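> Once you've had a glance at the structure underneath, I'll fire off some questions.
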Amino acid sequence: DTATNDFVGAVNSNGANVTLADGTGGIILGNTSATGNLVVTSTGGAITDTPTAVTAVSGNSNLTGTSITLGDTATDAFNTATLTFNSTGAVNITEDSNMLVTGINSAGTLVLQTPADMDSVSGAVITVTGTAVQLLAGGTIGGLEVGEVAKTSLNGISYNAFGTLTAN
């Protein structure tokens, strides 16, 4: 769990509070289970997962990398109680359950997807420096204010909710 680590290949982890830090080349998550919180930091590359990775976090998943792509295949699973992300690059996270964004978040471009509901806790902020933002939910999108989603530009924001959309 130091920034000088250089993980090669997928990293499997299991514990109460799991912290993974990589300083070179990024980190690929394999099967990850945390009964508490998950903190993943990659100063030297992207945070990704394997096509069959199963990530289950009972607390907060706090992700920081040059880019973040998780849950993007039909054969992997990403589930966390709450989500915090920070990247200067692209963030593309698909959660297989309700998505609840918390804390201070940032992305160059942003795609958040869930087949269920998407929301944020009070005080959560999402800043996107680029113009591409997609929020895709099979249920309700609520609590994500347009001003919170893209403070730099409102161009390119698209919402797709099969339930109710709330943009305050």
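> Listed residues Ala81, Ala74; which is outside any strand (DSSP E or B) and modelled with pLDDT of 90 or more?
Ala74
> Now, a different point. Are any of the residues in segment 124-139 in a strand (DSSP E or B), in contact with a Lys or Arg (Cβ under 7 Å, 6 or more places away or on another chain) and either modelled with pLDDT under 50 or over 22 Å from Val57 (Cβ atoms) (or both)?
The answer is yes, given that some residue of segment 124-139 is in a strand (DSSP E or B), in contact with a Lys or Arg (Cβ under 7 Å, 6 or more places away or on another chain) and either modelled with pLDDT under 50 or over 22 Å from Val57 (Cβ atoms) (or both).
> Any idea which residue in segment 88-107 is nearest to Asn12 (Cα to Cα), counting only those that are outside any strand (DSSP E or B) and open to solvent by 10 Å² or more (accessible area, probe 1.4 Å)?
Looking at the filtered set, the residue picked out is Asp96.
> Give segment 26-52 a look and list any residue that's open to solvent by less than 50 Å² (accessible area, probe 1.4 Å), assigned to a loop (DSSP other than H, G, I, E, B) and at pLDDT 95 or above, or say none.
Gly36, Ala46, Thr50
> Right, something else. What number of residues within segment 57-81 are more than 17 Å from Ser42 (Cα to Cα), open to solvent by less than 30 Å² (accessible area, probe 1.4 Å) and either touching an Asp or Glu at 6+ places or on another chain (Cβ under 7 Å) or among the hydroxyl-bearing types (Ser, Thr, Tyr) (or both)?
Going through segment 57-81 one residue at a time, the tally reaches 5.
> Something else about it: I'm checking my understanding of the structure. Among residues of segment 1-46 that are in contact with a strand residue (DSSP E or B) (Cβ under 6 Å, 6 or more places away or on another chain) and in contact (Cβ under 8 Å) with a residue 40 or more places away in the chain, which one is nearest to Gly89 (Cα to Cα)?
By that ranking, first place goes to Ala46.
The values are calculated or read from the model by the stated rules, or taken from the named source; none is laboratory data. None of these values were measured; they are calculated from a predicted model. Every residue, glycine among them, receives a Cβ derived from its backbone with ideal geometry; neighbour counts consider all protein chains shown. What goes into the accessible areas is simple: the full protein's heavy atoms, side chains included, and nothing from ligands, DNA or RNA. Shrake-Rupley method; radii C 1.70, N 1.55, O 1.52, S 1.80 Å.
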